[in-house]
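Working notes for the structure below.
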Number of protein chains: 2
Amino acid sequence: MIQRTGQYTLHFPSPPGILSFAAVAGKKEAEGPLGKNFDAVFDDTTLGTDSFEKAESALQGEALLHALKKAGLQPQDLSLLLAGDLLNQCISSTFGLREFGIPFLGLYGACSTMALSLGLAAVLTACGAADRAAAVTSSHFASAERQFRLPLEYGGQRPPTAQWTATASGCVILTRESRPLTVQDVCFGSICDLGITDMNNMGAAMAPAAAQTLTRYLRDTGTFPQDYDAIFTGDLGYVGSQLLMDLMEKEGFSLQQKHHDCGIMLFDRNKQDVHAGGSGCGCSAGVLGSTILPAMQQGTLRNILFMATGALMSPTSSQQGESIPGIAHLIHLSRAENG
Amino acid sequence: MIQRTGQYTLHFPSPPGILSFAAVAGKKEAEGPLGKNFDAVFDDTTLGTDSFEKAESALQGEALLHALKKAGLQPQDLSLLLAGDLLNQCISSTFGLREFGIPFLGLYGACSTMALSLGLAAVLTACGAADRAAAVTSSHFASAERQFRLPLEYGGQRPPTAQWTATASGCVILTRESRPLTVQDVCFGSICDLGITDMNNMGAAMAPAAAQTLTRYLRDTGTFPQDYDAIFTGDLGYVGSQLLMDLMEKEGFSLQQKHHDCGIMLFDRNKQDVHAGGSGCGCSAGVLGSTILPAMQQGTLRNILFMATGALMSPTSSQQGESIPGIAHLIHLSRAENG
């Protein structure tokens, strides 16, 4: 039910199907180029709660509820829930999803979590461990800023390389059954650390991991970037995306006209002052659920790679002088020709 | 390759084998009743590093290295590494394991992480996603105290219900191949929150989740506690263990003479001043790798349940008035009759 292609890539001869997906977002994301694509947007980014952390939890619950509703499912129809987020001890996931009563696998992959959760959900449904499994993740600008950088009230300056944590959540529900949209392959990445220490330049820290995972996958499968309609990364931003292009050139692969970054897609750089682009677990999850998967459903995209990248640091590790290790997990998604 | 038994339990007709395991610990753990069982103990609990967080990372690397060495393996012989810990953004795992270059799945299950990682590694090896996979986790008293409670220098008083975070790490390496020690079943738990809010009474917060997962597993499989040589929880401590006994009685199951708690086993309550017992991801991982699996290897235990429990809170969630959700994942381990 699961084959290995080369050293790192998992292939599904009977690929798990995408049953449903959803994405929800905050006010700033709603004002961006993809704003109209979300299932719900919240102008009040507290979502009526009394803290930003609780608001982020609420985003995850909303994303899951929308995905369940679109599939006509109840929570008990899911065998497993795979989720994670950026907050300490992953409390957005725990508190956002505790009411659902679904067996819960907690993950931590920083901003790579949407690909990590989706990849694991694909393996678990393909092998029969779950009939249906949901992958969920989130981020929130205000909860992330005060945990990783400075409280908003401080009014700190942001350098041009800094990315903007998206207030968003995305959810994908997979099934063992055949569906028009499927997960064909998964390539889980290794931790990659080239010694970047600037907490305000996450794109540069994550690009080498993205290049490593993408190179492994392309070599394992004997494919080239030109074989895909698009290669989406999330979230390298402007700085990291250029680095990825350069690193892939050195490996002999051109990403020209194939590469798109969720952090660049989510916001309008000229109008929205997000510096190097969007970031956060919710950024790639939100773009996947709002824009990429709908385009696949409509047939404008048929064969894509989705590769989410994470910076596996904490404020403590950075204060102790550590560099920022990156990781990237890759998912190959396709639409059946007759789908 | 993977069957479902009842609603929640995963069964492996060709069970993944335990290839190797190891556990390392700090000075206090070495002075406890299981002290002689560890593969290595460190009297200097900084392990020669300049921070407790770096020391905890070093523990994970040591546990993995010992397990690899005992199996005669190199890091590249592992297809996947599954790891997590208690620190913010799981930095013990990231920094402790980044040098190994193995595809890495980051997990967060608080103190349930050893069962979460072992359960997922079992599924991933059983279904062919990995030929060999390692599950690793850790905790460190000093890094946990200053992150979750107070810096050691503060000299805060500990209430009698408080548990003592173990300085330890454990690692188990699984293989697709048949071995004398095997993982027979896995039951992933749901988040369970009965409204406990006392950060110094984690045992009480986790006991309902343990009761829920154990009840689900026993009902799914039609077995009783008496069918097993022992049922190990980690880490309910003295308070939570009594609660688990009471909750299971209400479900019609007596755990008399079958239940052992890793948090109670690790320390000598009379001599070591640990109040309600040990805790931390490294507690159950350390007891599993140092004591439970060796007893199975020697044949003194043949058929056991290992159920690690986690409290999925953060200081932030507690400060915001939230209760403490618990989770418990269960692993059924057995030794072949002719093993």
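The values are calculated or read from the model by the stated rules, or taken from the named source; none is laboratory data. Computed from a predicted model, the values in this text were never measured in an experiment. Counting neighbours? That spans all protein chains shown, and the Cβs are built from the backbone with ideal geometry, glycine included. Each accessible area value is taken on the protein alone, full model and side chains, heavy atoms only, with ligands, DNA and RNA left out. Shrake-Rupley method; radii C 1.70, N 1.55, O 1.52, S 1.80 Å.
At-a-glance table
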{"quantity": "Of residues in the stretch A:232-253 being in contact (Cβ under 8 Å) with a residue 24 or more places away in the chain and of a type in the set (S, T, N, Q), the one surrounded by the most Cβ atoms within 10 Å (Cβ to Cβ)", "calculated": "A:233"}
{"quantity": "Total residues in the stretch B:101-129, condition facing another protein chain (nearest Cβ under 9 Å) and more than 24 Å from residue A:95 (Cβ to Cβ)", "calculated": "10"}
{"quantity": "Residues that are crowded, with 17+ Cβ neighbours inside 10 Å, more than 16 Å from residue A:214 (Cα to Cα) and either within 11 Å of chain B (Cβ to nearest Cβ) or without any contact (Cβ under 8 Å) to a residue 60 or more places away in the chain (or both), drawn from the stretch A:2-15", "calculated": "A:2, A:12"}
{"quantity": "Single residue of B:77, B:131, B:185 found to be among the charged types (D, E, K, R) and either closer than 28 Å to residue B:203 by Cβ or surrounded by 19 or more Cβ atoms within 10 Å (Cβ to Cβ) (or both)", "calculated": "B:185"}
{"quantity": "Verdict on residue B:28 being closer than 18 Å to residue B:290 by Cα, more than 20 Å from the chain's Cα centre (by Cα) and of a type outside the set (Val, Ile, Thr)", "calculated": "no"}
{"quantity": "Unmet requirement for residue A:276, which otherwise passes all of (1) over 24 Å from residue A:166 (Cα atoms); (2) touching a helix residue (DSSP H, G or I) at 6+ places or on another chain (Cβ under 8 Å); (3) modelled with pLDDT under 95", "calculated": "(1)"}
{"quantity": "Conditions (1) open to solvent by 40 Å² or more (accessible area, probe 1.4 Å); (2) in contact with a helix residue (DSSP H, G or I) (Cβ under 7 Å, 6 or more places away or on another chain); (3) farther than 24 Å from residue A:335 by Cβ; number of the one not met by residue A:200", "calculated": "(2)"}
{"quantity": "Residue list for the stretch A:149-168, restricted to those being open to solvent by 60 Å² or more (accessible area, probe 1.4 Å), outside any loop (DSSP other than H, G, I, E, B) and within 21 Å of residue A:262 (Cα to Cα)", "calculated": "none"}
{"quantity": "Selection count where residues are open to solvent by 40 Å² or more (accessible area, probe 1.4 Å) and either more than 14 Å from chain B (Cβ to nearest Cβ) or under 21 Å from the mean Cα position of the chain (by Cα) (or both), scope the stretch A:134-148", "calculated": "1"}
{"quantity": "The stretch A:29-45 - residue that is out of contact with any strand residue (DSSP E or B) (no Cβ under 7 Å at 6 or more places or on another chain) and open to solvent by 40 Å² or more (accessible area, probe 1.4 Å) and, of those, nearest to the other protein chains (Cβ to nearest Cβ)", "calculated": "A:44"}
{"quantity": "First in the stretch A:299-319 and farther than 13 Å from residue A:262 by Cα, second anywhere and among the basic types (Lys, Arg) and open to solvent by 10 Å² or more (accessible area, probe 1.4 Å), Cβ under 6 Å, 6 or more apart", "calculated": "A:302/A:335"}
{"quantity": "Residue in the stretch A:261-274 that is within 19 Å of residue A:179 (Cα to Cα) and either open to solvent by less than 10 Å² (accessible area, probe 1.4 Å) or of a type in the set (Val, Ile, Thr) (or both) present", "calculated": "no"}
{"quantity": "Members of the stretch A:217-228 found to be surrounded by fewer than 19 Cβ atoms within 10 Å (Cβ to Cβ) and either out of contact with any Lys or Arg (no Cβ under 6 Å at 6 or more places or on another chain) or free of Cβ contacts under 8 Å to residues at least 12 places away in the same chain (or both), listed by number", "calculated": "A:219, A:220, A:221, A:222, A:223, A:224, A:226, A:227"}
{"quantity": "Answer from B:284, B:318 - the residue that is open to solvent by less than 20 Å² (accessible area, probe 1.4 Å) and within 24 Å of residue B:211 (Cβ to Cβ)", "calculated": "B:284"}
{"quantity": "Residues of the stretch B:313-339 satisfying the condition of being facing another protein chain (nearest Cβ under 9 Å) and under 23 Å from residue B:123 (Cα atoms)", "calculated": "B:327, B:329"}
{"quantity": "Residue selected from the stretch B:80-100 under the condition charged (D, E, K, R) and within 9 Å of chain A (Cβ to nearest Cβ), by the criterion least open to solvent (accessible area, probe 1.4 Å)", "calculated": "B:98"}
{"quantity": "Residue under evaluation residue A:50, criteria (1) open to solvent by 10 Å² or more (accessible area, probe 1.4 Å); (2) within 27 Å of residue B:105 (Cβ to Cβ); (3) of a type in the set (Asp, Glu); (4) within 11 Å of chain B (Cβ to nearest Cβ), criterion not met", "calculated": "(2)"}
